[in-house]
Amino acid sequence: MNSQNYRLITIPISHFSEKARWALDRLNIPYTEEPHVPVFHRFATMKYDGNSVPVLATENHGNLVDSTDILHYLNGIAPVDKKLYPEIPELRKEVEELEDLFDEKLAVAVRSWGYFYKVKDRQAMRRGWCTNTPWFEQIGFTILFPFLSNLLNKKFKLTAENAAKSLAEIQEVFDLVGKQLSDGRSFLVGDNFSAADLTFAALSAPVLMPPEHFLKPQKLSQLPSEMATVILELQTTPAGNYGLRLYREERYFS
């Protein structure tokens, strides 16, 4: 589709990184992924004028430092049958509004709720942060884990009270998605898979644990019991079923 080289800067577990990764994979665009351990990722993103992940570095169109900007850019070079945003203005507006809701509300709540349970779990954090990252960053993780854990705890205010608030926000978005799908439609907007569907599935992946995710999920029995109970409940909601279906049917579209 496109002859230029793309470099995607990520954190392995980042659901925003998964959003960009999914779009690239779906459009069959060759790219090189450069995963980094949190904190160390800043050395990579700064080279491309970004602060966080994902960053998509392009040869001819500069650097894109936001997942939604990445999807809009990719939509511009996608063939008609793989567009992520509808051509009809009303439908496009609806897709973009849902994408913003998922970015601003769902993603933040999922991150805070998940980290509340895992921030002190060295093995879980190693798996989510260090998979396929440079060896020296993995050594840095081993040395700095107590500092990184405390930094994350303070940055996201990982308290039981805030975790409960985050879960309520996740459930609120899941309820909204369930209502949107209640008429039997296959996708959130119109008759085709769009950025709204991709964004919901990618950003909810940490609480749905789809087997198709490149970071194969832990077994529920390996998680804190309270966390596992909530994940199982979310998986069985209409929105949860829909997110898991999208991973099964749309994640590796070709």
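Give all pairs with beta carbons closer than 9 Å in which a residue from region 116-138 that is farther than 14 Å from Asn150 by Cβ and in a loop (DSSP other than H, G, I, E, B) meets a residue that is among the aliphatic types (A, V, I, L, M) and open to solvent by 60 Å² or more (accessible area, probe 1.4 Å); count only pairs at least 6 apart in sequence or on separate chains.
Once the first residue is farther than 14 Å from Asn150 by Cβ and in a loop (DSSP other than H, G, I, E, B) and sits in region 116-138, its partners that are among the aliphatic types (A, V, I, L, M) and open to solvent by 60 Å² or more (accessible area, probe 1.4 Å) give Thr131/Ile13.
For residues that are in contact (Cβ under 8 Å) with a residue 40 or more places away in the chain and β-branched (Val, Ile, Thr), scanning just region 44-67, find the one that is farthest from Lys19 (Cα to Cα).
The extreme case among them is Thr58.
For the structure I just gave you, tell me whether Glu161 is assigned to a helix (DSSP H, G or I), exposed (fewer than 13 other Cβ atoms within 10 Å of the Cβ), touching a helix residue (DSSP H, G or I) at 6+ places or on another chain (Cβ under 8 Å) and modelled with pLDDT of 95 or more.
no
Lys82 fails exactly one of the following numbered conditions: (1) open to solvent by less than 50 Å² (accessible area, probe 1.4 Å); (2) at pLDDT 95 or above. What is the number of that condition?
Looking at each condition in turn, Lys82 falls short on (2).
On the basis of being open to solvent by 30 Å² or more (accessible area, probe 1.4 Å), among the β-branched types (Val, Ile, Thr) and either closer than 27 Å to Ser149 by Cα or in contact with a helix residue (DSSP H, G or I) (Cβ under 9 Å, 6 or more places away or on another chain) (or both), does Val65 make the cut?
Yes, satisfied.
Asp183 is checked against (1) in a helix (DSSP H, G or I); (2) open to solvent by 10 Å² or more (accessible area, probe 1.4 Å) and fails just one. What number does that condition carry?
(1)
Conditions first: (1) closer than 19 Å to Pro224 by Cα; (2) open to solvent by 80 Å² or more (accessible area, probe 1.4 Å); (3) among the basic types (Lys, Arg). Arg126 passes all but one, so which condition is the exception?
(2)
Just wondering, is there one or more residues in region 219-237 that are under 19 Å from the mean Cα position of the chain (by Cα), at pLDDT below 95 and among the basic types (Lys, Arg)?
No, region 219-237 has no match at all.
Take the residues of region 18-62 that are of a type in the set (Val, Ile, Thr) and part of a loop (DSSP other than H, G, I, E, B): which is most open to solvent (accessible area, probe 1.4 Å)?
Val39
Hey, can you tell me all the residues within region 69-79 that are open to solvent by less than 40 Å² (accessible area, probe 1.4 Å) and either aliphatic (A, V, I, L, M) or in contact with a helix residue (DSSP H, G or I) (Cβ under 6 Å, 6 or more places away or on another chain) (or both)?
Answer for region 69-79, where residues must be open to solvent by less than 40 Å² (accessible area, probe 1.4 Å) and either aliphatic (A, V, I, L, M) or in contact with a helix residue (DSSP H, G or I) (Cβ under 6 Å, 6 or more places away or on another chain) (or both): Ile70, Leu71, Leu74, Ala78.
Within region 197-226, track down each residue that is touching a residue at least 24 places away in the same chain (Cβ under 8 Å), among the aliphatic types (A, V, I, L, M) and surrounded by fewer than 19 Cβ atoms within 10 Å (Cβ to Cβ).
Correct list: Leu215 only.
Is it the case, given these coordinates, that Ile88 is open to solvent by 50 Å² or more (accessible area, probe 1.4 Å), in contact (Cβ under 8 Å) with a residue 40 or more places away in the chain and aliphatic (A, V, I, L, M)?
Yes: the conditions hold for Ile88.
Suppose we filter region 139-153 for residues that are within 20 Å of His15 (Cα to Cα) and open to solvent by 10 Å² or more (accessible area, probe 1.4 Å); how many remain?
Final tally of qualifying residues: 3.
The values are calculated or read from the model by the stated rules, or taken from the named source; none is laboratory data. A quick note: this is a predicted structure, and the numbers were derived from the prediction, not measured. Methodologically, a virtual Cβ is constructed for each residue, glycine included, from the backbone with ideal geometry; neighbour enumeration extends over all protein chains shown. Remember, those area values only see protein heavy atoms, side chains included, never the ligands or the DNA or RNA. Shrake-Rupley method; radii C 1.70, N 1.55, O 1.52, S 1.80 Å.
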